[in-house]
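J.: Supplied in structure tokens, the structure appears directly below.
Where a number appears in this text, it was derived from the coordinates with a stated rule and is not lab data. What you see is a predicted model, and the numbers here were worked out from it, not measured in a lab. All Cβ positions, glycine included, derive from the backbone under ideal geometry; neighbour counts span all protein chains shown.
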Amino acid sequence: MDSKEFFIPRLGEAQIASPVQAMEFVPDDATVAYDTSTAVLEEYVKNGQAIPAFEQAGPRKLIYHDPAWSKAAILTAGGLCPGLNDVIKFLTLTLKNIYHVPLVYGIRYGYRGLNPAHGLAPIQLNEDNTDDIHQQGGTILGSSRGEESAEIMVETLARMNINLVFCIGGDGTARGAHDIAVEAERRGLSISVISIPKTIDNDIAFIDKSFGFETAVYMAGIFAAGAHNEAKGAYNGIGLVKVMGRDSGFIAAYATLAQSYVNYCLVPESKFVLDGDGPDALLPHLYKRMLEKQHAVIMVAEGAGQELFPQGEDVRDASGNLINKDIGLLLKDRINQYFKERNTEVNIKYFDLAYTIRSVAAHGADAVFCAMLAQNAVHAAMAGRTDMVVGHWNGHFTHVPIALATRERKKIQLNSPLWTSVKASTCF
């Protein structure tokens, strides 16, 4: 890694005393090392190279934006995720109660709300209308997919005199935030654009976890327990649970470890076939288990097994994401067919959790994580940072350049302790 890739743009010199009280300020040069291995770090020092490191998040003693003259905008884009309303609430509270920013706007339906052609008037957010939103799933602002013109969106922000923009979403939303930051710079506008990473799949690179993921694992575990009960309650019963995970199988893997009822964990990173003599053939292995145990639970990520479908034209959503074919229904049909061909009874109960687990309120520590992400996003914006994502790395909240965070998707490494543990707890 090149240390230059970790550079965070600043709008200018911070010269205003922060109004933050009862908090320890983070030095402006504080960093969090990307590598944690002492051997790797020693190698950098030995070669006279700068150690790649994230800028550490947190309140600064001096800030760039004058709170009294500031206006903020908050938007949510992409799919739903547990914790969206928590982030909206704590962005609002931090802006208004800690920095005393007079106006905080909620932009409706993502980037669409920054294009006047759609006729979506913003709403003013305050302590009262965000008081209990953390108890609700979804987002009070609404969300949408698709691109809008950066020129039009920045023109809207300039007309509204907004200088603080918070974009809550996944990698597509972060790229949109980057486009806004670039266009604002081109126009010479001092607008801080901060992205708060929302991905239920936990697949944003250079960030060790994202909000909503822990809640998704918890909810998937509840349904895995139900699938286990259904499987054991019927002769040759199979509980088949499909969870989110377009390109990365973290929810499936973690839920499998959280609920050791799961016998098969299928993820996009680990290829398998349905039939054959090899060790990666699912149906023969499942058939043998059913003869011996008479029950099984299968956890499958939505992006697993896509190579098993006939090749055809790709279908994408408004954000350009590939829409996966339904691996859950394919497995259900092929399992039924395989057992029928062998004159063996099988009873499959299919649980499709794609929308169930993403639309609930954040659970436990996940809600706390949302609050702290939001607070650190505001600290970064007030200090004049822009074109960045608030991340978390090695126990610290961090500033991550959007270009770095969106460079690649984080995936399960098949030689990692995580996958080794999954394999040890399952039978396939």
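J.: Work out how much length Asn415 to Ser190 would gain on full extension: take 0.36 nm times their residue separation and subtract the Cα-Cα distance, in nm to one decimal. Kindly include the intermediate steps, with their values, before the conclusion.
T.: Numbers: separation 225, 0.36 × 225 = 81.00 nm, distance 4.53 nm.
Working it through step by step, the gained length comes to 76.5 nm.
J.: Using the 10 angstrom Cβ neighbour count as an exposure proxy, how do Asp387, Asp333 rank, fewest first? Please report the intermediate quantities before stating the final value.
T.: Values: Asp387 24, Asp333 12.
Going from sparsest to densest Cβ surroundings: Asp333, Asp387.
J.: Taking the chain as a Gaussian network, Cα atoms linked when under 10 Å apart, which of Gly172, Gly364, Gly384 shows the biggest mean-square fluctuation?
T.: With Cα springs under 10 Å in the chain, the top fluctuation among Gly172, Gly364, Gly384 is at Gly364.
J.: By counting other Cβ atoms within 10 Å of each Cβ, how are Cys81, Cys265 ranked from fewest to most?
T.: Taking fewest neighbouring Cβ atoms as first place, the list is Cys265, Cys81.
J.: Filter Lys4/Lys96; Lys96/Lys198; Lys242/Lys293; Lys340/Lys411; Lys4/Lys411 down to the pairs with a C-alpha to C-alpha distance above 30 Å, please. Please report the intermediate quantities before stating the final value.
T.: Details: Lys4/Lys96 34 Å; Lys96/Lys198 23 Å; Lys242/Lys293 22 Å; Lys340/Lys411 36 Å; Lys4/Lys411 24 Å.
With Cα atoms farther than 30 Å apart: Lys4/Lys96; Lys340/Lys411.
J.: Once you order the gyration tensor axes a ≥ b ≥ c over the Cα atoms, which shape class does region 213-359 get: rounded for a/c under 1.5, otherwise prolate or oblate by comparing a/b with b/c?
T.: Values: a/c = 1.90, a/b = 1.22, b/c = 1.55.
Here region 213-359 falls in the oblate category.
J.: Is there a pair in Lys209/Lys288; Lys288/Lys423; Lys271/Lys349 whose C-alpha atoms are over 29 Å apart, and which pairs would that be? Please list the in-between numbers first.
T.: Working: Lys209/Lys288 37 Å; Lys288/Lys423 18 Å; Lys271/Lys349 24 Å.
Those over the limit are Lys209/Lys288.
J.: Starting with the highest mean, order 103-115, 349-361 by the number of other Cβ atoms within 10 Å, averaged over the residues of each peptide.
T.: Details: 103-115: 23.4, 349-361: 18.1.
My ranking of the peptides, most packed first, is 103-115, 349-361.
J.: Report the FRET efficiency, 1/(1 + (r/R0)^6), for Glu147 and Asn343, where r is their Cβ-Cβ distance and R0 is 45 Å, rounded to 0.05.
T.: Values: r = 54 Å, r/R0 = 1.19.
Efficiency computed from Cβ-Cβ geometry: 0.25.
J.: I need to check one value: relative contact order of region 213-359, counting alpha carbon pairs closer than 8 Å and at least 6 residues apart, in percent.
T.: On the way: 280 pairs, mean separation 49.0, N = 147.
Over region 213-359, the number comes to 33 percent.
J.: Additional query: What relative contact order, as a whole-number percentage, does the chain give when Cα pairs under 8 Å and 6 or more residues apart are counted?
T.: Details: 985 pairs, mean separation 99.8, N = 428.
Contact order relative to length: 23 percent.
J.: Per DSSP H run of n ≥ 4, the term is -39500 (n - 2.57); total these for the chain, divide by its residue number, and report the mean residue ellipticity at 222 nm rounded to 500 deg cm²/dmol. Don't jump to the answer; show the numbers that get you there.
T.: On the way: 11 runs with 132 residues, N = 428.
Value at 222 nm, helices only: -9500 deg cm²/dmol.
J.: Note down the nm distance, to one decimal, between modelled labels 7 Å out along Cα→Cβ at Lys46 and at Trp69.
T.: So the label points at Lys46 and Trp69 sit 5.3 nm apart.
J.: Sticking with this structure for a sec: Kindly rank 394-405, 297-308 from highest to lowest mean number of other beta carbons found within 10 Å of each residue. Walk me through the numbers before you get to the answer.
T.: On the way: 394-405: 20.5, 297-308: 23.7.
Order by mean packing, descending: 297-308, 394-405.
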